[in-house]
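Just below is one structure, and these are the notes that go with it.
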Amino acid sequence: MKLAIITLTKQGLKTARRIAFLYKGEAHIYTPLALLEEVSSRDASLKFEEEGVIFPFKRPLKDFCGQLWKSYQGLIFIMATGIVVRCLAPYLQDKKKDPAVVVLDEKGEYAISLLSGHLGGANRLAREIAHFLGGKAVITTSSDIQGLPALDVVAQELGFKVTPEERFAQVMGALVNGKKVGVWAEEPWQERLERELKGLKVEPWSKYRGPEGWEAGILVTSRRDKLPPGPWVFWRPQELVAGVGCRKRIDYKSILRALGVAFKTAGRSLLSLKALATWEFKAKEEGLVIVAQRLNVPLLSFSKDELLKVWEETPGLSYSPLAQEKLGLGGVCEPAALLGARKGELICKKIALNGVTVALARATYL
């Protein structure tokens, strides 16, 4: 994490240098030019230029904070909390975009997690700094106070896409208010989530019977299903790989349509798409490249030998005499999907539509 440490006093500068040592190579210290010149003149042993981590600023602190806001993942202020709040107020957006903000007193006795405690990592940062300085971390997020799992952090760390996003705060609110919150997960996620969501019982997907008896819930699956109203969300694992074959110079809209048909046929959500996969000969097709960019997923490519090996080892793949004649292998999309999913399970066999073939495989590993 790239960190900026901002301080306004001599004692604060001493504490800042200690913190910079903890995050060596990741932290820069910023302090007013006048203070830096004064401290340097009084103690010739402090060679700030050689340290390469301490930099002066001349601009008003509020204006300077705007520059730091865009450049660092974490901001550590060693000053009064009120000053920090007034300086940062114009730059606040939301917890998904704002950097982590921690505020310390000059002696480092208290490290306050002020902004982006969970997603931004301010809670973790405050705890690390307090432990290093021998101080106390001040954490005010309700789930931490109650010893409950931070749902947003777990979803982020596991790469789940939350939908509908606007309901997630309702689920977290239900949890901290002591309501009955259920979690149901497809394998292989159940065991991992049991470790991550301590205090919550994670049931296998096969036991999900709807919302009756529950006040809120999380459905961890790539399956399309009807979501109950109210504080209920899907956590979409990134676990599906779409193997794609196509004719030359195919347009990207045709590929998107074929993908839509495949996902609908499989009864799975496009939000769980992990990657596209194809034969290396097709990896530079403009239509495929555009689709990968639009869906924000990687485009994996495999050699003919790799695809042939899957054909040899996997019975029941959809064989195409035409593909065998033209390409020298019985088809591209199914073996490419399996390779991309590290030989998971094929959940949608080849679908052909207007010059595009698509197959879906689901990764069954963590």
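The values are calculated or read from the model by the stated rules, or taken from the named source; none is laboratory data. What you see is a predicted model, and the numbers here were worked out from it, not measured in a lab. So basically every Cβ, Gly included, is an ideal-geometry build from the backbone, and we count neighbours across all protein chains shown. For the accessible areas, the whole protein counts, side chains as well, though only heavy atoms, and no ligand, DNA or RNA atoms are used. Shrake-Rupley method; radii C 1.70, N 1.55, O 1.52, S 1.80 Å.
Here are some conditions: (1) surrounded by fewer than 18 Cβ atoms within 10 Å (Cβ to Cβ); (2) among the aliphatic types (A, V, I, L, M); (3) over 18 Å from the mean Cα position of the chain (by Cα). LEU158 meets all but one. Which one does it not meet?
Here LEU158 clears every test but (3).
From the list LYS179, LYS136, LYS161, LYS201, exactly one residue is within 27 Å of ILE112 (Cβ to Cβ) and of a type outside the set (Ser, Thr, Tyr). Which is it?
LYS136 is the lone residue from the list that is within 27 Å of ILE112 (Cβ to Cβ) and of a type outside the set (Ser, Thr, Tyr).
Select from the range 123-155 the residues that are in a helix (DSSP H, G or I) and exposed (fewer than 15 other Cβ atoms within 10 Å of the Cβ) and write down the one among them that is nearest to the chain's Cα centre (by Cα).
SER142
Taking into account only those residues within the range 1-52 that are in a loop (DSSP other than H, G, I, E, B) and either touching a Gly at 6+ places or on another chain (Cβ under 9 Å) or modelled with pLDDT of 90 or more (or both), which is least open to solvent (accessible area, probe 1.4 Å)?
Among them, the one singled out is TYR23.
Listed here are the residues, each with its yes/no results for (1) closer than 16 Å to LYS136 by Cα; (2) among the polar types (S, T, N, Q); (3) at pLDDT 95 or above.
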| position | (1), (2), (3) |
| --- | --- |
| LYS62 | no, no, no |
| GLN67 | no, yes, no |
| SER71 | no, yes, no |
| PHE77 | yes, no, yes |
| GLN93 | no, yes, no |
| VAL103 | yes, no, yes |
| LYS107 | yes, no, no |
| LEU119 | no, no, no |
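Residues of the range 338-356 being at positive phi and either buried (at least 22 other Cβ atoms within 10 Å of the Cβ) or of a type in the set (Gly, Ala, Ser) (or both), which ones?
Passing the criteria: only GLY355.
Output the qualifying pairs, or none if there are none: Cβ atoms under 6 angstrom, residues six or more apart or on different chains, first residue in the range 102-125 and in contact (Cβ under 8 Å) with a residue 60 or more places away in the chain and within 20 Å of ARG18 (Cβ to Cβ), second residue of a type in the set (S, T, N, Q) and open to solvent by 50 Å² or more (accessible area, probe 1.4 Å).
Taking only residues 6 or more apart or on different chains, the pairs are GLU106/GLN11.
Which of the residues belonging to the range 278-328 are open to solvent by 90 Å² or more (accessible area, probe 1.4 Å) and either at positive phi or hydroxyl-bearing (Ser, Thr, Tyr) (or both)?
Those that are open to solvent by 90 Å² or more (accessible area, probe 1.4 Å) and either at positive phi or hydroxyl-bearing (Ser, Thr, Tyr) (or both): ASN296, TYR319.
Taking the range 161-191, which residues are within 16 Å of PRO237 (Cα to Cα) and open to solvent by 70 Å² or more (accessible area, probe 1.4 Å)?
Once the filter is applied, which keeps residues that are within 16 Å of PRO237 (Cα to Cα) and open to solvent by 70 Å² or more (accessible area, probe 1.4 Å), the range 161-191 yields LYS161, GLU165, GLU187, GLU191.
For the range 82-118, name all the residues that are closer than 14 Å to THR7 by Cβ, of a type outside the set (Asp, Glu) and either part of a loop (DSSP other than H, G, I, E, B) or open to solvent by 10 Å² or more (accessible area, probe 1.4 Å) (or both).
Across the range 82-118, the qualifying residues are ILE83, CYS87, LYS107, GLY108.
Would you pick out the residues in the range 239-262 that are open to solvent by 50 Å² or more (accessible area, probe 1.4 Å) and not hydrophobic (A, V, I, L, M, F, W, C)?
Result: ARG247, LYS248, ARG249, ASP251, TYR252, LYS253, ARG257.
Within the set of pairs 6 or more residues apart or between chains, which connect a residue that is without any contact (Cβ under 8 Å) to a residue 40 or more places away in the chain inside the range 337-349 to a residue that is open to solvent by 50 Å² or more (accessible area, probe 1.4 Å) with Cβ atoms less than 8 Å apart?
ARG342/TYR365; GLU345/THR364
Taking the stated definitions as given, is ALA363 farther than 10 Å from ALA277 by Cβ, open to solvent by less than 40 Å² (accessible area, probe 1.4 Å) and at pLDDT below 90?
It is false that ALA363 is farther than 10 Å from ALA277 by Cβ, open to solvent by less than 40 Å² (accessible area, probe 1.4 Å) and at pLDDT below 90.
Among the residues of the range 325-335, write down those that are more than 13 Å from THR357 (Cβ to Cβ) and part of a loop (DSSP other than H, G, I, E, B).
GLY328
Can you find even one residue in the range 117-131 that is touching a Pro at 6+ places or on another chain (Cβ under 7 Å) and more than 15 Å from TRP235 (Cβ to Cβ)?
Yes, because at least one residue in the range 117-131 is touching a Pro at 6+ places or on another chain (Cβ under 7 Å) and more than 15 Å from TRP235 (Cβ to Cβ).
Which residue is most open to solvent (accessible area, probe 1.4 Å), if the candidates are limited to the range 205-221 and must be under 20 Å from GLN170 (Cβ atoms) and aromatic (Phe, Trp, Tyr)?
Ranking the candidates gives TRP214 first.
When you look at VAL202, is it buried (at least 18 other Cβ atoms within 10 Å of the Cβ), touching a residue at least 60 places away in the same chain (Cβ under 8 Å) and in contact with a Leu (Cβ under 8 Å, 6 or more places away or on another chain), yes or no?
So VAL202 does not fit the description; no.
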